[in-house]
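Visitor: Attaching a single structure in structure tokens format; questions to follow.
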Amino acid sequence: MKEKILKLYNTLTKKLEEFSPLNPPKVTMYVCGITAYDSPHLGHIRSAVVFDVLTRVLTYLGYEVVYVRNITDIDDKIINRSNQEGIFWKDLVEKYVKEYETAVEKLNLLKPTYTPKASEHISDIIAIIQNLIDRGLAYKSNGDVYFRVEKFPHYGKLSGRKTEELLSGVRIEVSEKKENPLDFALWKAAKPGEPFWESPWGLGRPGWHIECSAMALKYLGETIDIHGGGLDLIFPHHENEIAQSEGATGKPFVRYFVHHGLITINGEKMSKSLGNFVTMEWLFERFHPEIIKTFLLSMHYRSPLDYSEESLKNIEKAVYGFYETLYWAEKVQSLKEGLLSEKARRLEKTYQEFKVKFISALLEDLNTAMALGYLFNLEKELYNFVSKTPQLTSEEELLVKAIAKDLRDEASKLLGLFQTDPISFWKTEREKKLKPLSLTLEEVEKLVREREKARKEKNFQQADRIREELQKKGIILKDTKTETFWWVE
RNA sequence: GGCGGCGUAGCCAAGCGGUAAGGCGACGGCCUGCAAAGCCGUGAAUCCGGGGUUCGAAUCCCCGCGCCGCCUCCA
């Protein structure tokens with residue numbers, strides 16, 4: 001068997017590279033988390049989901065992942081927002097961090113090893129800034145401290161930007177406090193009413209990028225294996241992180257930069273500034289967390305992912321199908337001793353192929369779209385087998401159970417998906433969807449039984465009447481040999 | 001203007017130099033009391049356009065066109 005190697009697209013080299021960590025079996029990974037000034041939306045969650053899968057794949061390969069996902073809890077936007085709403089900034093932060101954590105928990109994401117907050121690392125931040133000043137890479141000016149971009153020769157190596165070009169850009173804010181318009185703030189003097197900490201340069205607070213350098217260095221060391229975030233962080237955030245960190249340590253900061261694509265709506269970027277975002281709270285009210293997660297994984301992580309309620313509905317169908325198959329697979333019982341039929345052997349073959357292909361897809365730059373494709377193919381074949389084979393043999397029952405188990409194990413181990421037991425999935429999902437219709441599970445079950453009785457008595461008029469009545473409400477019935485299965489659209 | 005990405009059937013999309021996956025939709029058949037679901041069958045003279053490299057290109061290179069992102073805060 002071929003050795004298992006993960007390939008990752010590295011923004012630093014703009015190439016697909018074979019991943020190997022600096023100090024195996026340890027892998028150090030730093031992911032830029034949220035700035036806690038507003039409710040989390042799909043875009044934030046895509047980031048968390050992508051790096052969750054990456055962690056799972058690395059763990060599967062035998063690595064020990066040290067995963068840091070920070071929280072930026074002090075910055076301009078937080079201050080502005082808390083002033084606007086008249087809330088103490090810490091309370092504002094706490095509210096949105098909680099919302100984010102709730103979302104992440106619902107999606108069953110692994111807990112990072114550390115989730116540090118900027119405000120709890122002020123002394124580490126101050127130490128780096130002082131170091132940069134000592135090396136001549138930063139200077140103080142009127143209570144602020146700025147990074148001296150021209151003293152860092154590699155500036156622009158990640159984003160492919162040249163300092164001359166940046167200078168010609170019209171959008172750079174010129175400030176008398178800066179020696180050079182490209183210089184960026186490491187420390188900002190406190191204005192009246194703003195939160196502040198003491199520092200050698202007076203009362204103030206950290207600039208935007210420095211907290212990530214400080215926390216990455218503290219928890220993961222001078223050179224980290226993987227640094228991740230959204231594409232939109234490449235410049236200036238990650239570029240500036242490189243400048244600060246490498247400036248301070250003289251060592252390469254990051255070995256693999258991994259950036260995911262953004263969520264769009266009607267082809268346009270979903271963002272707070274455009275106001276076209278859907279919050280997680282809103283989504284959770286409408287869709288099961290695993291549907292949201294499957295949606296996020298249905299596309300390669302570097303591509304843009306266009307959100308629409310319709311595409312989420314499509315994914316819902318697929319996930320419903322999956323849980324229906326698991327439901328039937330669990331109920332299967334053999335009626336006779338015996339070996340595998342030819343059809344069962346074909347199923348087994350697909351199953352064996354699946355095991356190889358599924359992981360290979362993930363190792364190819366985390367191609368979750370393809371991995372899910374294989375997963376659904378096997379699921380479909382399993383469904384077909386279970387629903388079409390009237391009498392399973394003992395061996396066949398074992399096969400079906402093994403596949404159902406493996407389908408869930410593989411999916412849950414590597415994607416963190418399909419971790420719910422099918423019976424309870426259907427119970428909660430049906431109940432949730434019935435609520436807005438003012439119906440209970442019992443009421444629907446009762447109607448379904450009534451219809452089954454009518455059908456047995458060949459009273460099809462009555463049976464169809466019940467079915468139509470339910471259908472009007474979006475409740476779809478499906479008759480099988482053993483029972484009537486139903487779901488709410 | 002600079003940097004990056006993308007353009008594959010009605011729609012979503014895989015494809016990583018060897019002769020176009022898959023899903024949704026549509027149509028025909030099987031199954032069904034009728035449905036639903038499932039199964040079987042039906043789709044790109046061809047991958048935005050034009051050149052080039054190669055025995056061979058959707059895949060690599062060049063030139064256009066169109067869309068998106070970044071260049072200011074952003075996941």
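Visitor: Full-extension gain between A:THR249 and A:LYS218, please, as 0.36 nm times their residue separation minus the C-alpha to C-alpha distance.
Guide: That pair, A:THR249 and A:LYS218, stretches by 10.0 nm at full extension.
Visitor: A further question follows. Please report, in whole Å, how far the alpha carbons of segment A:21-134 spread along each principal axis, starting with the longest.
Guide: 49, 45, 17
Visitor: Dipole size in debye (nearest 20) for segment A:1-53 around its Cα centre, Lys and Arg Cβ +1, Asp and Glu Cβ -1? Don't skip to the end; give the middle numbers.
Guide: Values: 7 positive and 5 negative charges, 46 e Å.
So the dipole magnitude of segment A:1-53 works out to roughly 220 debye.
Visitor: Lys and Arg at +1, Asp and Glu at -1: add these up for the other residues within a Cβ distance under 15 Å of A:GLY136 and post the number.
Guide: On the way: positive: A:ARG135, A:LYS140, A:ARG148, A:LYS151; negative: A:ASP134, A:GLU150, A:GLU179, A:ASP183, A:GLU246.
That works out to -1.
Visitor: On to the next question. Once you have the Cα-Cα distance between A:HIS154 and A:GLU285, take 0.36 nm times their residue separation minus that, and quote the gain in nm to one decimal.
Guide: Residue separation times 0.36 nm, minus the Cα-Cα distance, leaves 42.5 nm.
Visitor: Oh, and also: Work out how far the C-alpha atoms of segment A:165-308 reach from end to end along every principal axis, then list the three figures in whole Å, largest first.
Guide: 51, 36, 35
Visitor: Work out from phi, with θ = phi - 60° and the Karplus expression 6.51 cos²θ - 1.76 cosθ + 1.60, the ³J(HN,Hα) of each residue of segment A:314-322, listed in order in whole Hz, and give x for Gly and Pro.
Guide: 4, 5, 4, 4, 5, 5, 4, x, 4
Visitor: Right, next: When we measure straight from the Cα of A:LYS162, which aspartates and glutamates land under 12 angstrom away, once same-chain ones fewer than 8 places off are left out?
Guide: Counting by Cα, and skipping residues close in sequence, A:LYS162 has these aspartates and glutamates nearby: A:GLU150, A:GLU239.
Visitor: Would you tally the net charge around A:GLY338, using a Cβ to Cβ cut-off of less than 12 Å, leaving A:GLY338 out, and scoring K and R as +1, D and E as -1?
Guide: Result for the local shell: -3.
Visitor: Still on this structure, please answer the following. Please report A:CYS212, A:CYS32 as a ranked list, fewest other C-beta atoms within 10 angstrom at the top and most at the bottom.
Guide: Starting with the residue having the fewest Cβ neighbours, the order is A:CYS32, A:CYS212.
Visitor: Once every Cα of chain A carries one equal point scatterer and solvent is ignored, give the base-10 log of I(q)/I(0) from the Debye formula at q = 0.08, 0.10 Å⁻¹, two decimals.
Guide: Normalising to I(0) and taking log10 leaves -0.60, -0.85.
Visitor: Relative to the longest principal axis of the C-alpha atoms of chain A, give the angle of the C-alpha long axis of helix A:394-410, reported between 0 and 90° and rounded to the nearest 10°.
Guide: Result, in degrees: 20.
Visitor: Could you list the trypsin sites (Lys or Arg not before Pro) in segment A:425-479 that lie in coil according to DSSP, counting only those with at most 10 other Cβ atoms within 10 Å of their Cβ?
Guide: A:LYS458
Visitor: For A:LYS95, give me every one of the aspartates and glutamates with a C-alpha distance below 15 angstrom, ignoring sequence neighbours fewer than eight places off in its own chain.
Guide: Once the sequence-local aspartates and glutamates are set aside, what remains near A:LYS95 is A:ASP38, A:ASP73, A:GLU85, A:GLU281.
Visitor: Provide the percentage of antiparallel DSSP beta bridges, counting only those with both residues in chain A; round to the nearest 5.
Guide: In chain A, DSSP labels about 50 percent of beta bridges as antiparallel.
Visitor: Please report, for the Cα atoms of segment A:425-488, the Rg to one decimal and the Dmax as a whole number; what are they, in angstrom?
Guide: Gyration radius and largest Cα-Cα distance of segment A:425-488: 11.5, 33 Å.
Visitor: Please find the FRET efficiency linking A:LYS401 to A:THR428, where r is the Cβ-Cβ separation and R0 is fixed at 25 Å, and quote it to the nearest 0.05.
Guide: It comes to 0.60.
Visitor: Beyond 26 Å between alpha-carbons counts as too far, so tell me which of A:LYS117/A:LYS433; A:LYS7/A:LYS157; A:LYS317/A:LYS458 fall in that bin.
Guide: Cα-Cα > 26 Å for A:LYS117/A:LYS433; A:LYS317/A:LYS458; rest within.
Visitor: Over the alpha-carbon set of segment A:94-229, work out the extent along each principal axis and list the three values in angstrom, largest first.
Guide: Dimensions of segment A:94-229 along the principal axes of its Cα atoms: 47, 38, 30 Å.
Visitor: Do any GluC sites (Glu not before Pro) in segment A:304-383 lie in a DSSP loop with no more than 15 other beta carbon atoms within 10 Å, and if so, which?
Guide: Taking segment A:304-383 and a limit of 15 other Cβ atoms within 10 Å, the loop GluC sites (Glu not before Pro) found are A:GLU337.
Visitor: Given the DSSP H assignment, sum -39500 (n - 2.57) over each helix run of at least 4 residues in chain A and divide by its residue total; what's the result at 222 nm in deg cm²/dmol, nearest 500?
Guide: The helix-only estimate for chain A comes to -15000 deg cm²/dmol at 222 nm.
Each reported figure results from applying straightforward, stated rules to the coordinates on display, with no laboratory input. Since this is a predicted model, take the numbers as computed values, not measurements. All Cβ positions, glycine included, derive from the backbone under ideal geometry; neighbour counts span all protein chains shown.
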